[in-house]
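The values are calculated or read from the model by the stated rules, or taken from the named source; none is laboratory data. Treat the numbers as computed from the prediction; the structure is a model and nothing was measured. Cβ atoms come from the backbone with ideal geometry, glycine included; neighbour counts cover every protein chain shown.
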Amino acid sequence: EPDQLIIVSGSLQSLYLISSVLINKGDAVILENPTFPNAHSIFKSALANLIPVPIDNEGINIEEIKKWKTLNPKLVHVTPSNHYPLGIKMSLKRKKELIKWASENKALIIENDYENEVNSNQGINPTIYSLDTEDRTIYLGTFNRLLHPTIRLGYMIVPKYLIKTIEAIQEHSHKFVSPSIQMVMSQFIEKNYLYQHLKNINKVAQEREALFIALFNANTTKMAIEKKPYSSLHLLAIFKEKVDKKMEFEIIQSLSKANIIVHSLSGCYIAKEKQQGLIFGYSSVRPTIIRQKVLQMTEIINELLE
């Protein structure tokens, strides 16, 4: 229903509101491991007890979640459409298992539907929110990544019993989304411009992704990007031989000096055991720049790992 839709500045504000409303000190919150660093920062600042749960090729591992039953987890945060940063799409079977677990344990699911619009035409895999019949799912969406980070416009769909509490917290958070931006976005959607934009994004992203992966893998033997069966707006390169966090950081710093911004895979882990790797964004970069920067990037990586 319309009143279940709450407009926010993006997924981070959604997580802040959820943690403010639902989390008490010491409450157990299950997070995918690895996951968005900002997600565990927000729940950590709410003094939650963070439980890292690994990912397999179908999504978050339900059997691992069950091991934490004695802590009575209150929330589980997942990115089912395209897990960040591993790029795993949660299977329909796993979504149903997660809903069943939440029902049996009286827990809530935060469905952070990161990149759900990318490859949305590749098979039918409904959202957790649409499958949930018990109002245990809070759905998060954002336009920031699809359009531009400065737009600061997102939304959350919440169960009816949370509407008043979340709106009350939002009223005192001093983070309001400009009505003019909301009006422009409404027109953008109604006139079908968003749909056309998404079609263009998917076409351009697939072409640029293929170029980036081919150039990267052809010009270094030190790391590799695995091609997924579906596109993503970020790519993940894994070291072929084990490196420590210090070397990962040194590579990131060296690339930064060359005006190439990459992110740390190890920085996305909650548990002590971490995997090193590099996370790239590419979809807004023109092919000529991709060619130039990937060659420069691989040269720096090869030199540092000699």
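For region 241-256, filtering for residues that are under 11 Å from Gln276 (Cα atoms) and either exposed (fewer than 14 other Cβ atoms within 10 Å of the Cβ) or among the charged types (D, E, K, R) (or both) leaves 6. Among the residues of region 221-240, the ones that are buried (at least 20 other Cβ atoms within 10 Å of the Cβ), modelled with pLDDT of 95 or more and farther than 24 Å from Ala271 by Cα come to 0 in all. Among the residues making up region 147-167, those that are surrounded by 14 or more Cβ atoms within 10 Å (Cβ to Cβ), farther than 18 Å from Glu115 by Cβ and among the β-branched types (Val, Ile, Thr) are Val158, Ile163, Thr165, Ile166.
Rundown of residues vs (1) under 19 Å from the mean Cα position of the chain (by Cα); (2) modelled with pLDDT of 95 or more; (3) part of a strand (DSSP E or B), yes/no style:
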| residue | (1), (2), (3) |
| --- | --- |
| Ser120 | yes, no, no |
| Arg145 | yes, no, no |
| Tyr155 | yes, no, yes |
| Ile166 | no, no, no |
| Gln170 | no, no, no |
| Phe176 | no, no, no |
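Looking at Ser41, is it among the hydroxyl-bearing types (Ser, Thr, Tyr), crowded, with 18+ Cβ neighbours inside 10 Å and either assigned to a helix (DSSP H, G or I) or over 16 Å from the mean Cα position of the chain (by Cα) (or both)? No; evaluated as a whole, the condition is false for this residue.
For region 168-185, a residue qualifies if it is over 17 Å from Met156 (Cβ atoms) and surrounded by 10 or more Cβ atoms within 10 Å (Cβ to Cβ), and the qualifying residues are Ser178, Met183, Val184. Return a yes/no flag: does region 282-302 have any residue that is closer than 28 Å to Glu58 by Cα, small (Gly, Ala, Ser) and assigned to a loop (DSSP other than H, G, I, E, B). Yes: region 282-302 contains one or more residues that are closer than 28 Å to Glu58 by Cα, small (Gly, Ala, Ser) and assigned to a loop (DSSP other than H, G, I, E, B). Does region 268-295 hold any residues that are at pLDDT below 95, surrounded by fewer than 19 Cβ atoms within 10 Å (Cβ to Cβ) and touching a helix residue (DSSP H, G or I) at 6+ places or on another chain (Cβ under 8 Å), and which are they? Listed by number, the residues that qualify are Lys274, Gln275, Val285. Looking at region 272-289 only, could you name the residues that are hydrophobic (A, V, I, L, M, F, W, C) and within 11 Å of Ile260 (Cβ to Cβ)? Scanning region 272-289 gives Leu278, Phe280, Val285, Ile289. Considering region 237-263 alone, what residues qualify as being assigned to a loop (DSSP other than H, G, I, E, B) and closer than 23 Å to Gly87 by Cα? The answer is Lys240, Glu241, Lys242, Val243, Asp244, Ile260, Ile261, Val262.
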